[in-house]
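A short worksheet on the structure shown next.
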Amino acid sequence: MIADQQSRNSGAALAELNPQQQEAVSAPLDPVLVLAGAGSGKTRVLIHRIAWLMLEKGASPYSVLAVTFTNKAAAEMRARIEHILGMPSTRLWVGTFHGIAHRLLRTHWQDVGLPQAFQIMDSDDQLRFIKRLLKNLGYEDSNWDPKEVRSYINHQKNEVRRPTGTLQSEDPARRQLNEFYRVYQETCDRAGVVDFAELLLRAYELWSDNPEILAHYQQRFKYLLVDEFQDTNTIQYRWMRLLAGQQGIPFVVGDDDQSIYRWRGARIEHIYRFEKDFPRTRIVRLEQNYRSTGTILAAANALIANNQSRMGKNLWTDGKSGAPIRVYSAYNERDEAEFVTSRIRDWEAQGGVRSEVAILYRSNAQSRVFEEYLINARIPYRVYGGLRFFERAEIKDALAYLRLALHRDDDTALDRIINVPTRGIGAKSVDRIREHAKAHSMSLWRAAAELSKNGFAARTANAVRAFLELIRSMGSAIEGLELHEQVDHVIYNSTLLAHYEKDVTEKGEARVENLHELVNAARGFDPGEMEEDLPPLVAFLAHASLESGEGQGAVWEDCVQMMTMHSAKGLEFPLVFMVGMEDGLFPHQRSLQDASGLEEERRLCYVGATRAMQQLYMTHAEQRRLHGTDSYSQPSRFIGEIPDELLEEIRPQIHVSRPVYRPGQGSAGKRAKAAGFGATQQAGYRLGQRVQHGKFGEGVILNFAGQGAQARVQVNFESVGMKELVLAYANLEVL
DNA sequence: ATGATGATATTTTTT
DNA sequence: ATATCATCAT
């Protein structure tokens, strides 16, 4: 299921590559832009380029910097490089932009004015931080949404803008935001915490402000390789341009048609301007696809051709054209799930492997119905996405204790756990601690200490003192312990464990399990060379912030894979279901405002379709329960953009798929409600039946109501949407 | 200080 | 449907 299966150890850098791949891999030592379509072996080319540089050009591993966007991709890349070189490549820098920036900052903390033991805030920490600060500054009533403030600040940073540089704005609201940004940054600096965007910005400034340091790295990293180049945002691009300078040899690989992260700052334009910024750039196109059938590629090509702004590429294959793309029109989301489930059963019956099947959807909420049906059919599945290990509340709580035990002045940590588990220090008291801290510009810790001596009522004072003492004793108790013993000590003595053990629900059990798993993670923690000079606990905490912990405790069972189309990027599956293909859902309603939003949705659809190797299904529902109410929509326009001759419409089964009653399942009530809506057939009509109306045109029957002469029917018309008609007068023609 | 109740707003995700 | 958040009563 990982892309690029052809990668076998070839021994030589150029073996088993097609001519275009070879051209890219062995391009002269000048800047190279590889435009690589889906499934054309782009990561493979990047890896072989590194091997080629080292084996053919005698490049030292020391001179190579390879950058990716996710930790998973970085790990995979390192493994594949080691595989192809046949030796461990510890000297090679392979990492994410953030990981590399972090490493630079740990080395050069003095040059960028950070404390040696600076802490990293993940976006959740950042949000809490902003909320707290907003409160502190009395912005409570101004209807500022903390999330919007966060995205504003991050956006500024991603665009390489400091508050000082942007303060002069005409718009007063904007000026206020910038002012807040300024205070936010000051507060971060004082607390010695760094958010994700700040990692990149500081690393950028490290170089832009210190020519001699920049020169050192420019000399060292002669070869700079970037994967998924279309996902770079402004700061990342400027950073790599700085490093490349005049002498560096960047090798970037990307696909403008697979750019789906504009909403988080990625700029496709970097692909377009690359050859302007780097003279003598050689552009290589990889258009031969090794993944999908001709039909799937033809559909994907036709679809993406509707986008105006693209560099242009056409995927081709010398393989078979394969089966048509099958389109199923369900009449509601349950029918859709049942259809998919039954097709997966068929796949299994024919000896297919479950992990070769993927259900792809636009938004996470859509997974639920499929889970229900798959559970019922006893088909194991795995849902990707959702909370990762280190993002779970109980884990973050435990880590906050550790952080506080390590640095008393870590306000973010203190704020998080001062009353977790509840120990009688309520919001009011915490507010007073904040006030005091603010008034005397001191940390929350010191403020709490001072107020506990003089200023709180006896009961609160006692509670606060007990808390302070708890942290102090933790601090001294964990000194000198092994990392996993430190973690173990904290989860017990913080009473977090006992607190969650009281919760006998599944949720509570999972939390207890997670806390134990945290001890395990600490036991198995290997700082790697990036952080080997740091104290283990500091390294562990940085690791926890930077790596959210994908794949923690993953059970390797043969499972159907369920995920959003976003997270499917880079993966491939023999059998793919793209579900919820409805206008409003996909393309998503909120992207329909402007053309560029729609184009990004189309690229997402392109990404989804090109995941499929052999068989692609697209399904949509006439009626869908969304946010608790029913909505009705038309098939996605993207289906219409695929030539008819590539599609095969699957007629709804004659039996109306009414959920079967299953004894012992909890949601019988729900089901009864759904089924009890009315008959599923009525005098020549059935649910899902296409009908023609004199005035409204074509539509689909979604419901029946009433009896005899009052019998009514709900029809979703293509032109006017939902209508309820009295059968006796409607004069519907069955199609 | 805390648990219950009602209003609100619901893409996509990595670091 | 559901999760999160503010407000209110205990």
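The values are calculated or read from the model by the stated rules, or taken from the named source; none is laboratory data. Keep in mind that what you see is a predicted model, and the values were worked out from it rather than measured. Note that we place each Cβ from the backbone using ideal geometry, even for glycine, and neighbour counts take in every protein chain shown.
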(message) So, in segment A:382-428, exactly how many residues are in contact (Cβ under 8 Å) with a residue 40 or more places away in the chain, part of a loop (DSSP other than H, G, I, E, B) and farther than 30 Å from residue A:562 by Cα?
(response) 9
(request) Please work out which one of (1) buried (at least 20 other Cβ atoms within 10 Å of the Cβ); (2) within 14 Å of DNA strand B (Cβ to nearest atom) is the condition residue A:128 fails and give its number. (result) (1)
(request) Give me the pairs, please: first residue somewhere in segment A:579-604 and under 14 Å from residue A:361 (Cβ atoms) and outside the structural domain of residue A:263 (by TED's automatic domain parsing), second residue anywhere and of a type in the set (Val, Ile, Thr) and more than 16 Å from DNA strand C (Cβ to nearest atom), beta-carbon distance under 7 Å, and either six or more positions apart or on two chains. (result) A:579/A:340; A:579/A:359; A:579/A:619; A:581/A:619; A:581/A:639; A:604/A:260
(message) Step by step: first the residues of segment A:424-437, then only those that are within 36 Å of the chain's Cα centre (by Cα) and charged (D, E, K, R), then the one that is farthest from residue A:133 (Cα to Cα). Which residue is that?
(response) A:431
(request) Please specify each residue of segment A:356-371 satisfying the condition of being assigned to a helix (DSSP H, G or I) and surrounded by 18 or more Cβ atoms within 10 Å (Cβ to Cβ). (result) A:356, A:366, A:367, A:369, A:370
(message) So for segment A:146-160 (the condition being free of Cβ contacts under 8 Å to residues at least 24 places away in the same chain, on the phi < 0 side of the Ramachandran plot and among the hydroxyl-bearing types (Ser, Thr, Tyr)), does at least one residue qualify?
(response) yes
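Results for (1) within 16 Å of DNA strand C (Cβ to nearest atom); (2) over 26 Å from the mean Cα position of the chain (by Cα), shown as yes or no for each residue.
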position	(1), (2)
A:292	no, no
A:324	no, yes
A:333	yes, no
A:388	yes, no
(request) List every residue pair whose Cβ atoms sit under 6 Å apart, with the two residues 6 or more apart in sequence or on different chains, where the first one lies in segment A:357-369 and is aromatic (Phe, Trp, Tyr) and the second, anywhere, is crowded, with 24+ Cβ neighbours inside 10 Å. (result) A:361/A:579; A:361/A:580
(request) Being touching a residue at least 12 places away in the same chain (Cβ under 8 Å) and polar (S, T, N, Q) is the filter; apply it to segment A:473-497 and report the residue that is surrounded by the most Cβ atoms within 10 Å (Cβ to Cβ). (result) A:494
(request) For residues that are within 14 Å of DNA strand B (Cβ to nearest atom) and β-branched (Val, Ile, Thr), scanning just segment A:407-442, find the one that is surrounded by the most Cβ atoms within 10 Å (Cβ to Cβ). (result) A:433
(request) Filter segment A:206-216 down to residues that are in contact (Cβ under 8 Å) with a residue 60 or more places away in the chain and surrounded by 16 or more Cβ atoms within 10 Å (Cβ to Cβ) and give me whichever is nearest to residue A:160 (Cα to Cα). (result) A:206
(request) For residue A:221, indicate whether it is more than 16 Å from DNA strand B (Cβ to nearest atom) and within 29 Å of residue A:255 (Cβ to Cβ). (result) yes
(request) Please enumerate the residues belonging to segment A:292-324 that are crowded, with 17+ Cβ neighbours inside 10 Å and either assigned to a loop (DSSP other than H, G, I, E, B) or assigned by TED's automatic domain parsing to the domain that holds residue A:648 (or both). (result) A:292, A:293, A:307, A:310, A:313, A:315, A:317, A:322, A:324
(request) Sort through A:384, A:373 and tell me the only one that's assigned by TED's automatic domain parsing to the domain that holds residue A:628 and within 16 Å of DNA strand B (Cβ to nearest atom). (result) A:384
(message) Need the failing condition index for residue A:271 against (1) surrounded by fewer than 20 Cβ atoms within 10 Å (Cβ to Cβ); (2) in contact (Cβ under 8 Å) with a residue 60 or more places away in the chain, just the number.
(response) (1)
(message) I'd like to verify a number: residues in segment A:80-137 that are over 27 Å from the mean Cα position of the chain (by Cα) and of a type in the set (Ser, Thr, Tyr), how many?
(response) 3
(message) Any residue at all in segment A:463-472 that's surrounded by 19 or more Cβ atoms within 10 Å (Cβ to Cβ), among the hydrophobic types (A, V, I, L, M, F, W, C) and either in the same structural domain as residue A:336 (by TED's automatic domain parsing) or within 16 Å of DNA strand C (Cβ to nearest atom) (or both)?
(response) no
(request) Could you please give the count of residues in segment A:110-126 that are over 13 Å from residue A:210 (Cβ atoms) and without any contact (Cβ under 8 Å) to a residue 24 or more places away in the chain? (result) 1
(request) Having 2 or more residues that are farther than 23 Å from residue A:120 by Cα is the bar; report the strands (runs of 3 or more DSSP E) wholly within segment A:177-261 that clear it. (result) A:223-226, A:249-254
